[in-house]
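To start, the structure itself, in structure tokens.
Read-outs throughout are calculated quantities, based only on the coordinates presented, and are distinct from any laboratory measurement. These numbers were taken from a predicted model, which means no experiment stands behind them. As a convention, Cβ positions derive from the backbone with ideal geometry for all residues, glycine included, and neighbour counts pool all protein chains shown.
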Amino acid sequence: MEYRLREREECDKTWPLGEGREAKGYSCRAFQERYPKEAGGYTVIGAVGEGCGEEAGEWHLGEETEKYYELPAGHFLYKTAGYIEVGENVYLAVRKSRLAERILELLLLIAVIAGIAAGVYYLFQEKEGPDIDPGAGKYTADVELPENVDPDRITLPGYEQITIAAGTDTAYVALWNPDQNPCYFQFEIVLDETEETIYESRLIPPGNAVTEVQFDRTFGAGTYPVTIRISTYNLEDYEQEMNGGEVKAELVAVAQE
């Protein structure tokens, strides 16, 4: 049987076949409208285009003789994009690459996996809990606080002087969070002259203190005005900052005899 291109007015697609040749045919949508799935009434004898199987025969495109190929059962990188009619209800499938689609699917999959991984990481981070200072421990201060303190009020300790041995970097002072406070404390000590942060704690729970403070540098004998900044964070949501405050003090480096 001779197979020859048949061009009908209802053809909605023009398929390039290489080297300037082209043939009119049907998109998959138009083909399904022409042949509803339950109706049948057509034959696909082979395929042209990309990703075809072995050579199966010839068909005529105008005065030119073209080859057609066995239609693969399926392929990850190729798809049937439409049909060319070469006889009465006889068709060749037009095969096209779907590499771009597969790359897009892969990118979407990577994006979904990345989103899931980010969510798992976020949940994992949430489960870790607050970043408690490893140097914090239970502490009882020598000062007495009022008994009837508003439970929503934050009590800040006072500091006048921090003493350190000259030429060293460690001071023994209690950076204390009074036990009735409804929040975590975080201390930052800043040199007033240079605005240099010389110490920063992690979170300190109520009733705890850091009593060994290691600065980022040593100090020669002398007096250094400092600001002790106290940031506060909610006990239930430790990322939610509350009201804090600042305390002016002196860092005194005492020369050793």
request  = Quote the relative contact order of the chain in percent (integer), defining contacts as alpha-carbon pairs under 8 Å separated by 6+ residues.
outcome  = 14
task = Starting from the Cα of Lys96, step 7 Å toward the Cβ, then list every residue of region 12-48 with an amide N under 11 Å from that point.
result = 13-16, 27-29
ask   = Using the count of nearby Cβ atoms within 10 Å as a rough guide to exposure, how do Leu71, Leu107, Leu235, Leu175 rank from fewest to most?
value = Leu107, Leu235, Leu71, Leu175
key: Karplus (6.51, -1.76, 1.60) ³J(HN,Hα), θ = phi - 60°, over region 197-213, in Hz, Gly and Pro reported as x   = 7, 9, 7, 8, 8, 9, 6, 10, x, x, x, 10, 8, 9, 10, 10, 10
ask   = With the chain treated as a Gaussian network of Cα nodes joined by springs under 10 Å, which of Gly51, Gly135, Gly20 yields the largest mean-square fluctuation?
value = Gly20
task = In nm, give the distance between the simple-model label positions of Arg229 and Glu55, each being 7 Å from the Cα along the Cα-to-Cβ direction.
result = 8.0
request  = Treating each Cα of region 169-221 as an identical point scatterer and ignoring solvent, apply the Debye formula and state log10 I(q)/I(0) at q = 0.20 Å⁻¹.
outcome  = -0.73
inquiry  = Need one number for region 1-40: average projected area of the convex hull over its C-alpha atoms, nm².
reply    = 3.9
query = What's log10 of I(q)/I(0) for region 1-91 at q = 0.23, 0.25 Å⁻¹, Debye sum over Cα points only, no solvent?
reply = -1.39, -1.60
query = Can you list the lysines whose alpha carbon is less than 20 Å from that of Lys79, not counting same-chain residues fewer than 8 positions off?
reply = Lys13, Lys24, Lys37, Lys67, Lys96
query = Given a Förster radius of 30 Å and the C-beta distance between Val254 and Asp179 as r, what FRET efficiency does 1/(1 + (r/R0)^6) yield to the nearest 0.05?
reply = 0.45
ask   = Under the Karplus relation 6.51 cos²θ - 1.76 cosθ + 1.60, θ = phi - 60°, what is the ordered set of whole-Hz ³J(HN,Hα) values for region 105-121, x standing for Gly and Pro?
value = 4, 5, 5, 5, 5, 4, 5, 5, 4, 4, x, 5, 4, 5, x, 5, 4
message = With equal scatterers on the alpha carbons only and no solvent term, can you work out the Debye log10 of I(q)/I(0) for the chain at 0.07, 0.17 1/Å?
response = -0.54, -1.16
inquiry  = Check which residues have an amide H placed less than 5 Å from Ala23's amide H, if you skip close sequence neighbours.
reply    = Trp15, Leu17
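Within a 10 angstrom radius of the beta carbon, how do Ile113, Ile132 rank from fewest other beta carbons to most?
Starting with the residue having the fewest Cβ neighbours, the order is Ile113, Ile132.
How much length is gained if the chain between Ala73 and Thr14 is pulled fully straight, taking 0.36 nm per residue apart and subtracting their Cα-Cα distance, in nm to one decimal?
18.8 nm
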message = Using the Kirkwood formula on the Cα atoms of region 82-131, what hydrodynamic radius do you get, in angstrom to one decimal?
response = 15.1
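Enter the mean projected area of the convex hull around the alpha-carbon atoms of region 136-254, in nm², rounded to one decimal. Spell out each step's value before the answer.
Numbers: hull surface 29.3 nm².
Seen from a random direction, the Cα hull of region 136-254 projects 7.3 nm² on average.
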note = By Cβ neighbour count within 10 Å, fewest first, Val254, Val86, Val247, Val112 rank Val112, Val254, Val247, Val86
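How many times 2.2 N^0.38 Å is the alpha carbon radius of gyration of region 23-165?
Dividing the Cα radius of gyration by 2.2 N^0.38 Å gives 2.53.
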